[in-house]
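The values are calculated or read from the model by the stated rules, or taken from the named source; none is laboratory data. A quick note: this is a predicted structure, and the numbers were derived from the prediction, not measured. Methodologically, a virtual Cβ is constructed for each residue, glycine included, from the backbone with ideal geometry; neighbour enumeration extends over all protein chains shown.
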Number of protein chains: 4
Amino acid sequence: MLIVMTAHAGKAEIDNVVRVVETLGFRAHVMPGASRTAIGVTGNQGAVDLSHFENLPGVSEAIRVTKPYKLISLDLKADRTVVDLGDGARIGDGSLAIVAGPCAIENSKQAFAIADVVQRSGAKFFRGGAFKPRTSPYAFSGLGEAALKILADIRKEFGLKIVSEALDDTNLDLVEKYADMIQIGARNMQNFTLLRRVGRSKLPVLLKRGMAATLEEWLLAAEYIMAEGNYNIVLCERGVRTFAQHTRNTLDLAAVPAVRKLSHLPVIVDAAHGTGRSYMVTPLARAGVAVGADGLMIEVHGRPEEALSDGAQSLMFDEYEQMVREVRQIHDVIARNGAV
Amino acid sequence: MLIVMTAHAGKAEIDNVVRVVETLGFRAHVMPGASRTAIGVTGNQGAVDLSHFENLPGVSEAIRVTKPYKLISLDLKADRTVVDLGDGARIGDGSLAIVAGPCAIENSKQAFAIADVVQRSGAKFFRGGAFKPRTSPYAFSGLGEAALKILADIRKEFGLKIVSEALDDTNLDLVEKYADMIQIGARNMQNFTLLRRVGRSKLPVLLKRGMAATLEEWLLAAEYIMAEGNYNIVLCERGVRTFAQHTRNTLDLAAVPAVRKLSHLPVIVDAAHGTGRSYMVTPLARAGVAVGADGLMIEVHGRPEEALSDGAQSLMFDEYEQMVREVRQIHDVIARNGAV
Amino acid sequence: MLIVMTAHAGKAEIDNVVRVVETLGFRAHVMPGASRTAIGVTGNQGAVDLSHFENLPGVSEAIRVTKPYKLISLDLKADRTVVDLGDGARIGDGSLAIVAGPCAIENSKQAFAIADVVQRSGAKFFRGGAFKPRTSPYAFSGLGEAALKILADIRKEFGLKIVSEALDDTNLDLVEKYADMIQIGARNMQNFTLLRRVGRSKLPVLLKRGMAATLEEWLLAAEYIMAEGNYNIVLCERGVRTFAQHTRNTLDLAAVPAVRKLSHLPVIVDAAHGTGRSYMVTPLARAGVAVGADGLMIEVHGRPEEALSDGAQSLMFDEYEQMVREVRQIHDVIARNGAV
Amino acid sequence: MLIVMTAHAGKAEIDNVVRVVETLGFRAHVMPGASRTAIGVTGNQGAVDLSHFENLPGVSEAIRVTKPYKLISLDLKADRTVVDLGDGARIGDGSLAIVAGPCAIENSKQAFAIADVVQRSGAKFFRGGAFKPRTSPYAFSGLGEAALKILADIRKEFGLKIVSEALDDTNLDLVEKYADMIQIGARNMQNFTLLRRVGRSKLPVLLKRGMAATLEEWLLAAEYIMAEGNYNIVLCERGVRTFAQHTRNTLDLAAVPAVRKLSHLPVIVDAAHGTGRSYMVTPLARAGVAVGADGLMIEVHGRPEEALSDGAQSLMFDEYEQMVREVRQIHDVIARNGAV
């Protein structure tokens, strides 16, 4: 931490800050400057609450330096994490992971038709919502366990690994029973009870970024999970909320290199929620692969205009197939240049 | 809903949209314009998924008109809701409700000292966290049931009504046992499982706005609660996330008149989280009362620099007392002018 | 400045950073910490470009400490600035300055009718646009010099001080000829050529905050003006752009205490542009006074529904008069409590 | 436009709205709905000021439908615009345009060394600032005409087309004298005087998006230029301001397909300002090409740590050369798939 004094702070105020720093067990380094004094604080193992200092007389501001996360950090583990679901379904090993499927599972026929297209595209992960968080209490909120049973049938039939979202403990017990990977949605990124619960799960976790989450908050949400013992986490950038109105969310692709610089965890890009408009999905999926993500999450629907939720951001079958062709070619470029 | 066609859309495309509208059971009103045609859609009772239309050939955009909320709306109930906790502790009746106390309950002595100051200020509500949502898994997260017991003692000793946050079902059972009002925090504003659960509680609910929630999303969160049968809801503006760095959040006081225009629910302002800096709390508390809020939420702490959480935004006892004096005088002005 | 090394940085990398710091003529203070080393840099008179350091091997981040502004700072001048236009028209002296008038001057009759209401309310400043920055090239952009002549007539007739916006050098020559105070609008807050030009004007300047300006950028825009020799500057908070859709801008009232803490310049609040909706103007004007602003900017229009620009945020005459009554009573409370 | 009445609005209020609509010369289409009435308005050639209606009794809201831009729209001109500077330097023809160079021209030697690398990479455009908009009045603001002379020498020596920014009329005269393309920076995107002036220039214009500009505002800025007769405009996405702190700006790549859907103008991506961090430039440049942009703007500097401005976001020579190799391969994929 660095404590910056005001220009008018005198010796008594500086000494008082030093005293408080030392009382808390840290070491103070006084640095007189041209116009004001700064005091470096070392010796703190974790984050110190800045409020201990900001209100002391003569203090202008306190600046945090030590990062509050540990386990997810490259400082702790320099090798990149590979999340391996078996049967060649891996995220983070340099291959391009594609997680595709409908927003919500609506019925068996719809789901099987989509799974067939997904499997033929070479994707190894199938997504489909059984429990849907909906802004309105009157909107379709998923088929629940019935959807999970359909998903389990798809796994058996097509060999795809199943990714499905859980909203609470009850959901989670069911998702664990039927699926291969638990999705934590943007609205639950700081549902700390749920994070702790998936931290005790044996299944890997796909952790979406909250719609107004800073990079640090997102990484700390992963830290919550990891602190409970679950190391198999995949981060998913899905767009953040801004003033922009041409998209539902503003996809923040710079988050991918930013995560890479700090963490060993894999990171994928959700081009469906990240845009909210089907005509943008393929361009942004290409961009997500080009920026160096470990994979994509994509919504596919045979007839988007009939989808019970999020149809506006789903791809038709032929659009999906063309998108996969394009992103694989881009991934080849990336891999050839050693940029994944 | 209004469907706007592109300038180049022809009769066939317009007829097709009309057909889809009618197939869904609605009525289409074709309005040819100077440069393009618009199609009004009426007959829908609730919100229609725009995605049914946005991808149809020749459609430029679909604009939603019908509001998706019902129960919280002034359209349904023109009289303003008064949330009454008994013993004169009311929110929404034209008086100024003050909900004050420490961020977290740390020990009995601290809590009693603060409660004494709060009660003497004339406030009728005491807040104190037993379960704290913390960004980092390594930060102090509250004393749990021990804190709730202290709060129950405070109610007995000082006659203050107790407001405390619940993060999940287990917490909630305990909060219901000891407290008078359940707080749902910003991070849980779209924790729909929790919203449904408090919707079945007998206690009133204080619903904070999410840090990136639109007005509509916030009102729909209240609608979730009300749809389960709990009509005693108080909204709480606590700042939103923006690019601004001089505050922790940007307090959006325009939300108060905006809520008033649409809903019968009372709305209060949290000047502590809304700023994150103690020197701003009193000015923004005054502004919150001046804008017409039904009350304030304030953090008080005898020695903020020793607080285990959020000390930077707490008021000292004398600052709190002066703040209460000022806001009461402003509330008198507001009341005298009929502007509450 | 503080340079934070990565956890893995070794002695050679630390020594190299120290060498670069010293080469630039500064002093380096090495502070070994529990997990990483930080290096304090002192001796820099102004802001140092962080990029000199961020890309050096072993550097994790560089954190700026020295503030880049000087003249506008309380560090330089502890007494608050009072901008005095003569005849008792002052901003920053503890009185409540009201700057009111139509968005744009449309004709002499309209302007005189409004000026009559403004003067009778006790306000001392009249605003009216002669040159309007409009998002669309096809929208009404002001009457130009003809409007300024009307404004000069109003000054003569009503004794009000005239505030009007300039968009470029040519405008500015005219505004200087006819008005008493130059307004620099939000879109021009970083038009540095214009800032330098008004810095050489003899008239005081009303500097609006840019729609996405940080506090620091806003203060530096004032620093540009002051660096040219014009010390008579009034800052004006007018709302910032956020995701919120219930207002045109999100009025950031916390900017008022934030400016107070750093600068000696007066600051007023524009409740018209800050909300964009007439029903919100009075509540937010009250809040602006309650938060401690030195004054208000308000749009008044006899018949807002006929205004050629910005009618949606203008007050009717009776609304304006009631608003003035309310804010004066609130200002009395503020003044009585020594909180201006 | 669509006017939505409140649920309680009666026949008299509806009739009144219809009367006002017709008085303004438009046609009203009354559409009674399940819970409220909407009134479609047609016949308006351009944008109507919504404020004419929003304050009428019984009106809930007015929703604009007609787009306010004309000339830049695909509705007007279905063929994509190609901006051709001669000698094969084109933007918008399906090739990948690379505009590279230092942030600011610092001296002849630096500029020539960079130009040599840029030319050998196959890029056809050289950028370099002569006039720099700087947030602080004390920062380096460019060499002015001396820099332009160096740029003219570079054109002669390397055959590169010169792109340089103008901040005001005086600058612009000089930029027109020496350069091939005028850059309008983010801070001047709504400097309408400057937009009109470049609209009368014979040189093509590179128009950067403002840091908080909506898509519509950006397109209207281009409309300003085009309305004066200059049709050679290239749009440049350079990131927007958000709460995110891991980048200087949040690069909004969805703006590229969004522009494509509405306008015939070419659009390029500035990966330097769009991120502000050199380690992110190459990944985001790849993403910009993958999303379908017509080109890239890139900052190159031999020794970024010595750059007088923006060194933190510049590439070293070898980083630049590798970046060009990667983006060309991605552009080949895009072109092969017909996705530019």
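See the values below:
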{"item": "Criterion: crowded, with 23+ Cβ neighbours inside 10 Å and either more than 17 Å from B:Leu235 (Cα to Cα) or not assigned by TED's automatic domain parsing to the domain that holds B:Val327 (or both) - qualifying residue of B:Ala152, B:Ala100, B:Ala104, B:Ala166", "result": "B:Ala104"}
{"item": "Meets criteria (assigned by TED's automatic domain parsing to the domain that holds A:Thr282 and under 23 Å from A:Gly288 (Cα atoms)) for A:Lys124", "result": "yes"}
{"item": "Any hit, the range C:183-204, residues being at positive phi and within 11 Å of the chain's Cα centre (by Cα)", "result": "no"}
{"item": "Residue ID - modelled with the lowest pLDDT, chosen from residues in the range A:107-123 that are part of a loop (DSSP other than H, G, I, E, B) and surrounded by fewer than 22 Cβ atoms within 10 Å (Cβ to Cβ)", "result": "A:Asn107"}
{"item": "Members of the range C:253-274 found to be among the hydrophobic types (A, V, I, L, M, F, W, C) and either within 9 Å of chain B (Cβ to nearest Cβ) or in a helix (DSSP H, G or I) (or both), listed by number", "result": "C:Leu253, C:Ala254, C:Ala255, C:Val256, C:Ala258, C:Val259, C:Leu262"}
{"item": "Filter result for A:Gly338 (at pLDDT below 95, farther than 21 Å from A:Arg134 by Cβ and more than 14 Å from chain B (Cβ to nearest Cβ))", "result": "yes"}
{"item": "Filter result for the condition that a residue is among the hydroxyl-bearing types (Ser, Thr, Tyr) and touching a residue at least 60 places away in the same chain (Cβ under 8 Å), over C:Ser121, C:Ser164", "result": "C:Ser121"}
{"item": "Residue tally, condition out of contact with any strand residue (DSSP E or B) (no Cβ under 8 Å at 6 or more places or on another chain), at pLDDT below 95 and among the aliphatic types (A, V, I, L, M), over the range A:237-279", "result": "0"}
{"item": "So D:Thr282, is it crowded, with 22+ Cβ neighbours inside 10 Å, modelled with pLDDT under 95 and out of contact with any Cys (no Cβ under 9 Å at 6 or more places or on another chain)", "result": "no"}
{"item": "Verdict on B:Leu203 being among the hydrophobic types (A, V, I, L, M, F, W, C) and surrounded by fewer than 24 Cβ atoms within 10 Å (Cβ to Cβ)", "result": "yes"}
{"item": "Residue match in the range A:192-208 (condition: in contact (Cβ under 8 Å) with a residue 40 or more places away in the chain and out of contact with any strand residue (DSSP E or B) (no Cβ under 9 Å at 6 or more places or on another chain))", "result": "no"}
{"item": "C:Asp87 being under 25 Å from C:Ala290 (Cβ atoms), touching a strand residue (DSSP E or B) at 6+ places or on another chain (Cβ under 8 Å) and acidic (Asp, Glu)", "result": "no"}
{"item": "Boolean, A:Gly274 is surrounded by fewer than 24 Cβ atoms within 10 Å (Cβ to Cβ) and under 25 Å from D:Phe243 (Cβ atoms)", "result": "no"}
{"item": "Close pairs (7 angstrom Cβ cut-off, 6 or more residues apart or separate chains): in contact (Cβ under 8 Å) with a residue 24 or more places away in the chain in the range D:232-247, among the aromatic types (Phe, Trp, Tyr) anywhere", "result": "D:Leu235/D:Trp218; D:Arg241/B:Phe243"}
{"item": "Residue, nearest to the other protein chains (Cβ to nearest Cβ), within the range C:289-316, restricted to residues that are in a helix (DSSP H, G or I) and at pLDDT 95 or above", "result": "C:Ala290"}
{"item": "Residue identified as among the aliphatic types (A, V, I, L, M) and surrounded by fewer than 24 Cβ atoms within 10 Å (Cβ to Cβ) among C:Leu195, C:Leu160, C:Leu172", "result": "C:Leu172"}
{"item": "Flag if C:Leu215 is in contact with a Ser or Thr (Cβ under 6 Å, 6 or more places away or on another chain), more than 21 Å from C:Phe125 (Cα to Cα) and in the same structural domain as C:Val289 (by TED's automatic domain parsing)", "result": "no"}
{"item": "From the options C:Glu228, C:Glu157, residue that is of a type in the set (Asp, Glu) and modelled with pLDDT of 95 or more", "result": "C:Glu157"}
{"item": "Scan of the range C:65-100 for residues that are farther than 27 Å from A:Ala9 by Cα, in contact with a Gly (Cβ under 7 Å, 6 or more places away or on another chain) and not aliphatic (A, V, I, L, M), ordered by number", "result": "C:Asp87"}
{"item": "Boolean, A:Tyr320 is surrounded by fewer than 24 Cβ atoms within 10 Å (Cβ to Cβ) and either over 21 Å from the mean Cα position of the chain (by Cα) or within 14 Å of chain B (Cβ to nearest Cβ) (or both)", "result": "no"}
{"item": "Complete set of residues in the range A:17-37 that are more than 21 Å from C:Asp75 (Cα to Cα) and either touching a residue at least 12 places away in the same chain (Cβ under 8 Å) or touching a His at 6+ places or on another chain (Cβ under 8 Å) (or both)", "result": "A:Val18, A:Val20, A:Val21, A:Leu24, A:Gly25, A:Phe26, A:Arg27, A:Ala28, A:His29"}
{"item": "Test set (1) within 14 Å of C:Ala287 (Cα to Cα); (2) part of a loop (DSSP other than H, G, I, E, B) - B:Arg286 fails condition number", "result": "(2)"}
